[in-house]
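No value in this document is a laboratory result; all are computed from the given coordinates. Predicted, not measured: the structure shown is a model, and the values here were computed from it. Here Cβ is always computed from backbone atoms with ideal geometry, including for glycine, and neighbour counts include all displayed protein chains.
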Amino acid sequence: MRADRVFAYGATLGFLGDLLAGDPRRGHPVAAFGRAAGALERRLWRDDRASGAVFTALCAGGAVGGAALAQRAVRSCAALSVALTAAATWSVLGGESLAREARLIGAALEAGDLAAARARLPHLCGRDPQALDAAGIARAVVESVAENTSDAVVGALVWGAAGGVPGLVGFRAVNTLDAMVGHRSPRFLRFGWAAARLDDVAGWPGARLTAGLAALAGPDPRGALRVWRRDAALHPSPNAGPVEAAFAGALRLRLGGTLSYAGRTEHRPVLGADLPPPTAADIARAVRLSRRVSALALATAATARLTAAAIRRARRGGSAVSGGHQPKGGPK
């Protein structure tokens, strides 16, 4: 079976596996990678960029290399190749866990249980829940749904289409390293620089695809494009900016503003300043948009891989014809 079909079938199966089963409670491969990376970080940590670059290269390179060896080992068997791609896709996607956590927080807010919503928020994002009221939690959830649609689903599918299993695994490894050491804390300001910059590069195509699909699939495509063009560059993150701005416009909501991480307050620009702020009811709308974007991203990634392979085959066929030997002499 051709590699393009292996990816299309395997990615679809893995996507459905995530949709139906979500993440396992124990033994998740990404969690195992995180533990190994954490142990290596404690051995290699120095307060400089060079040490962080070595750490990032070892972790990301090891993940990609291991995935490449696994893909090579099964490439002669179509069924095993599809199974490996499906397993890798399921392990790196987090769409169902994202939707589940968002819905639980939304349900708590709609029931008026602010304490339960605050207790649940750390499962979704790293903001200080005690500093947030109901409106602040609703905004945090919508913003997290938007950003993690790109990080936990679309970006992985984009790199899977480009690089197969190594692309899937490599993207999740880089994204995990950024979450571990890429933040601007005193310990990781320099050590995590390489991981943060690599995550910016790896996330660039998925973020733009996410924003475009949000505009296409949302209830207000023109509004999504308008807020995206006007406000995305205001965001400090080159990738979260387009995604959150497109979601803000598509859902007709105002996002951004002051937030608190680990006792540190940040004042971020407002996205969609002329729109109303999110409420608990808007969390379900954000989840539905995230699901539509994720499904369209799967279709886009599989189609792109199949189309690129078809173009390559057509070019090889054309080259063979044009380079072939014509029979000598004229017609007899």
To make sure I understand, if each residue's beta carbon is the centre and we count other beta carbons within 10 Å, what order do ARG100, ARG118 fall in, fewest to most? ARG100, ARG118
Bins of 10 Å, beginning at zero and ending with the bin holding the largest distance: percent of Cα pairs per bin for segment 164-317, please. 11, 31, 34, 19, 5, 1, 0
Given axes a ≥ b ≥ c from the Cα gyration tensor, I'd like to know whether segment 104-238 is rounded (a/c under 1.5), prolate (a/b larger than b/c) or oblate. oblate
In order over segment 50-59: 3J(HN,Hα) from phi, Karplus 6.51/-1.76/1.60, θ = phi - 60°, whole Hz, x for each Gly or Pro, gives 4, 5, x, 5, 5, 4, 5, 5, 5, 5
Stokes-Einstein D for segment 50-94 at 20 °C, 1.002 mPa s, Kirkwood Rh over Cα pairs, in µm²/s? 181 µm²/s
LEU44 to LEU306: extension gain in nm, 0.36 nm per residue of separation minus the Cα-Cα distance? 90.2 nm
Please give the contour-minus-distance gain from ALA233 to ALA31: 0.36 nm per residue of separation, less the Cα-Cα distance, rounded to one decimal in nm. 69.4 nm
Which value in deg cm²/dmol, rounded to the nearest 500, describes the helix-derived mean residue ellipticity at 222 nm for the chain, given -39,500 (n - 2.57) per DSSP H run of n ≥ 4 and division by the residue count? -24000 deg cm²/dmol
For the chain, the charge dipole (Cβ of Lys, Arg +1; Cβ of Asp, Glu -1; about the Cα centre) points to a positive end, and the Cα of LEU225, ALA68, ALA202 closest to that extreme belongs to ALA68
Rank the residues MET1, MET180 as a footprinting-exposure proxy: fewest other Cβ atoms within 10 Å of their Cβ go first. MET1, MET180
Whole-Hz ³J(HN,Hα) for each residue in segment 311-317, computed from phi via Karplus 6.51 cos²θ - 1.76 cosθ + 1.60 with θ = phi - 60°, x for glycine and proline: what do you get? 5, 4, 5, 5, 5, 5, x
Placing +1 on the Cβ of each Lys and Arg and -1 on the Cβ of each Asp and Glu in the chain, which of ALA284, GLY212, LEU132 has its Cα farthest towards the positive end of the resulting dipole? GLY212
How compact and how long is segment 1-98, expressed as Rg and Dmax of its alpha-carbon atoms in Å? 16.0, 49
Residues whose modelled amide H sits under 5 Å from the amide H of ARG268, counting only those 5 or more places away in sequence or on another chain, are GLY257, THR258, LEU259
HN-Hα J couplings of segment 110-125 from phi, Karplus 6.51/-1.76/1.60, θ = phi - 60°, integer Hz, Gly and Pro as x? 5, 7, x, 9, 5, 4, 5, 5, 5, 5, 8, 4, x, 6, 10, 8
When only alpha-carbon atoms count, how far does the chain stretch along each of its three principal axes, as whole angstroms with the largest first? 89, 50, 35
Charge dipole (debye, nearest 20) of the chain; +1 at Cβ of Lys and Arg, -1 at Cβ of Asp and Glu: 1400 debye
